[in-house]
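S.K.: Structure below; questions to follow.
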Amino acid sequence: MALVVGGMLCLSGQAAERPPNVILIYADDQGSVDLNCYGSKDLYTPHLDQLAKEGIRFSQFYAAAPVCSPSRAAVLTGRFPQHAGVPGNVSSQQGHEGMPSHQTTMAEMFKASGYVTGHIGKWHLGYTPATMPNAQGFDHSFGHMGGCIDNWSHFFYWQGPNRHDLWRNGQEIWEDGVFFPDLMVEETRQFLQDNKAKPFFLYWAINVPHYPLQATEGWRQFYQHLEAPRRQYAAFLSTMDQKIGEVLALLDEQAIKEETIVIFQSDHGHSTEVRTFGGGGSAGPYRGAKFSLFEGGIRVPAIIRWPGHLAANVVRDQLATSIDWFPTLADLCGIPLPAKPIDGKSLRPILDAPQAPDAHQRFHWQSGGGQRPQWAVRQGPWKLIANPNDTSSPNHRVLEAQRFLVNLIEDPSEKTNLADRFPEKVREMERAHETWAARWKP
């Protein structure tokens, strides 16, 4: 006789096999190559490098958007940001809505299958009771609702009036003078202690290395030999690695490392805004940064580890994206997908076999609005960008060319525009994007 216990199927007379825990670590404004395991020579990132050694690292992984809110909506719903109702950044002011509450989040999917669900860190997907984490499937939430905070006072400074932004389960709390990444680690410690008896899903959205670049003193001294702004960025990036290492150590302390899937990904490329001293992060050989659909704005570090179940110390070169984590985790955890359609594809074939095909034959991005919205299509080695914006330097530059076509195998740095040489390819990809865009209305 089959019974459903806490959303999980088991046989009468047998204990249900416990599904794995999941921790999704979502970094903020990290450069495309800013880990040792991605080729950086001037950074010290031992904990994330070790995670890659114990798991699978992707070399061609993409965020679904080059800015914060739509990237987060995409990963939590498994849908293109436009289909998730978040085509651009949402407000950081209290009282403003964000991702529509009718969307089905990853937390709601896990909760329906008996998981305890937690959010710790940055939200930036709505600042009303209906759009804050506890109304979007999270049993527990701790962090800031806007796009960024000062890590010591927990105030949002960047657009007046200055306002405090630190919340636990919908209630404002005060932790004056305590470093926010440390608060995140301690909240995680308590979450694991409280919920280790049940499978859990934890969305750990660390607000680093997003500005303000407030590294700890040890890392500031460690990188004092570097030039600014790389010096400030590097110190904060290693602060992030240290805090992630502390969270991973908690899994060892609780003896649940082998029972826990850990995913790490950045939300998009590094910032060259004035608030981050005009740069500091690196896209390596790639053009562009945050806000751009050139590779440096959307190609991101991504790692998955599940000891004893997934391969270790290997690299997958297939194209994969952030919207794919949603169905991948459902696949790995043996839980049903929600009835609402999703756009992501399970990466299970790629995780299991290095020869598996790309997760998507074609992928789409759209960013910004107005008269010249930026959009892009990736199809095999070909990539077409409309109204390209090059944010590689603080002087963001909208290119004169309305269409930029590149073959990424031949030109991964996107230096040469092939649009005039291959007009038929341009038109083919334009038609594909028009068809895709017709599925949603802004």
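Readers should treat all values here as calculations from the given coordinates under stated rules, not as data from a laboratory. Model, not experiment: these values are computed from the prediction. Glycine also receives a Cβ, built like all others from the backbone with ideal geometry; neighbour counts cover every protein chain displayed.
S.K.: Can you give the % of DSSP beta bridges in region 102-239 that are antiparallel, to the nearest 5?
M.R.: Taking every DSSP beta bridge within region 102-239, about 35 percent pair in antiparallel fashion.
S.K.: Shifting gears a bit: Give me Rg/Rg_expected for region 88-129, where Rg uses Cα atoms only and Rg_expected = 2.2 N^0.38 Å with N residues.
M.R.: 1.30
S.K.: Restricting the count to DSSP beta bridges whose residues both fall in the chain, what percent are antiparallel, rounded to a multiple of 5?
M.R.: About 55 percent, rounded to the nearest 5.
S.K.: Could I ask something else about it? Can you sort T276, T128, T260 by how many other beta carbons sit within 10 Å, fewest first?
M.R.: Going from least to most buried by this count: T128, T260, T276.
S.K.: Grab the DSSP H runs of the chain that are 4 residues or longer, score each as -39,500 (n - 2.57), total them, divide by all residues and round the 222 nm result to the nearest 500 deg cm²/dmol.
M.R.: Using -39500 (n - 2.57) per qualifying helix, the result is -7000 deg cm²/dmol.
S.K.: Further question: Excluding residues on the same chain fewer than 8 positions from K198, give the aspartates and glutamates whose Cα lies under 14 Å from its Cα.
M.R.: Candidates past the 8-residue exclusion: E17, D139, E259.
S.K.: Among W365, W123, W174, determine the one that fluctuates most according to a GNM of the chain built with springs between C-alpha atoms less than 10 Å apart.
M.R.: Highest fluctuation of the listed residues: W174.
S.K.: Now for a different question. Applying the Karplus parametrisation 6.51 cos²θ - 1.76 cosθ + 1.60 with θ = phi - 60° to the phi angles of region 141-152, what ³J(HN,Hα) value in whole Hz is obtained for each residue in order, glycine and proline being reported as x?
M.R.: 3J(HN,Hα) across region 141-152, in whole Hz: 9, 8, x, 10, 8, x, x, 6, 9, 5, 6, 10.
S.K.: Still on this structure, please answer the following. Arranged by the count of other C-beta atoms within 10 angstrom, fewest first, what order do D331, D139, D34, D324 take?
M.R.: Taking fewest neighbouring Cβ atoms as first place, the list is D331, D139, D324, D34.
S.K.: Fewest Cβ neighbours within 10 Å first, please rank E175, E400 accordingly.
M.R.: Sorted ascending by nearby Cβ count, the order is E400, E175.
S.K.: Which Rg and Dmax, in Å, describe the Cα atoms of region 144-238?
M.R.: Considering region 144-238 through its Cα atoms, Rg and Dmax are 15.4, 48 Å.
S.K.: Okay, next question. If I build a Gaussian network model for the chain, linking alpha-carbon pairs within less than 10 angstrom, which residue out of K340, K198, K243 has the largest mean-square fluctuation?
M.R.: K340
S.K.: Can you tell me which of D317, D150, D194 moves the most in a GNM of the chain? Springs connect C-alpha atoms under 10 Å apart.
M.R.: D194
S.K.: Related question: For q values of 0.15, 0.17, 0.18 Å⁻¹, compute log₁₀ I(q)/I(0) with the Debye formula on a Cα-only model of region 224-335, without solvent.
M.R.: Scattering profile of region 224-335, log10 relative to I(0): -0.86, -1.02, -1.09.
S.K.: Could you give the spread of the C-alpha atoms of region 343-442 along their three principal axes, from largest to smallest, in whole angstroms?
M.R.: That works out to 43, 35, 33 Å along the principal axes.
S.K.: Could you please state, rounded to a whole Å, how far the C-alpha centre of region 371-412 is from the C-alpha centre of region 168-185?
M.R.: Comparing the Cα centres of region 371-412 and region 168-185, I get a distance of 40 Å.
S.K.: Please report, for the Cα atoms of region 385-433, the Rg to one decimal and the Dmax as a whole number; what are they, in angstrom?
M.R.: Computed over the Cα atoms of region 385-433, radius of gyration and Dmax are 11.5, 34 Å.
S.K.: What FRET efficiency would be calculated for the residue pair T128, A353, taking the C-beta separation as r and a Förster radius of 56 Å, to the nearest 0.05?
M.R.: E between T128 and A353, to the nearest 0.05, is 0.80.
S.K.: Taking a threshold of 20 Å on the Cα-Cα distance, which of the pairs K196/K340; K196/K257; K111/K243; K290/K383; K53/K243 fall above it?
M.R.: K196/K340; K111/K243
S.K.: Let me ask something else. If you bin every alpha carbon distance in region 66-142 into 10 Å steps from zero, what whole percent lands in each bin?
M.R.: 21, 57, 21, 1
S.K.: Please list the helices of the chain that count as membrane-span-like by this rule: a mean Kyte-Doolittle hydropathy of at least -0.5 together with Cα atoms stretching 20 Å or more along the helix axis, each helix being a complete DSSP H run.
M.R.: Sorted by number, the helices that extend far enough and score high enough are 230-253.
S.K.: State the extension gain, in nm to one decimal, for the chain segment bounded by E175 and R163, taking 0.36 nm per residue of separation less the distance between their alpha-carbons.
M.R.: Gain on extension, E175 to R163, equals 2.9 nm.
S.K.: Based on the alpha-carbon gyration tensor of the chain and its eigenvalue square roots a ≥ b ≥ c, which shape applies: rounded if a/c is under 1.5, prolate if not and a/b is larger than b/c, or oblate?
M.R.: Because its axes are fairly even, with a/c under 1.5, the chain counts as rounded.
S.K.: Where does the charge balance sit around T131 when Lys and Arg score +1, Asp and Glu -1, over other residues with C-beta under 14 Å from its C-beta?
M.R.: -1
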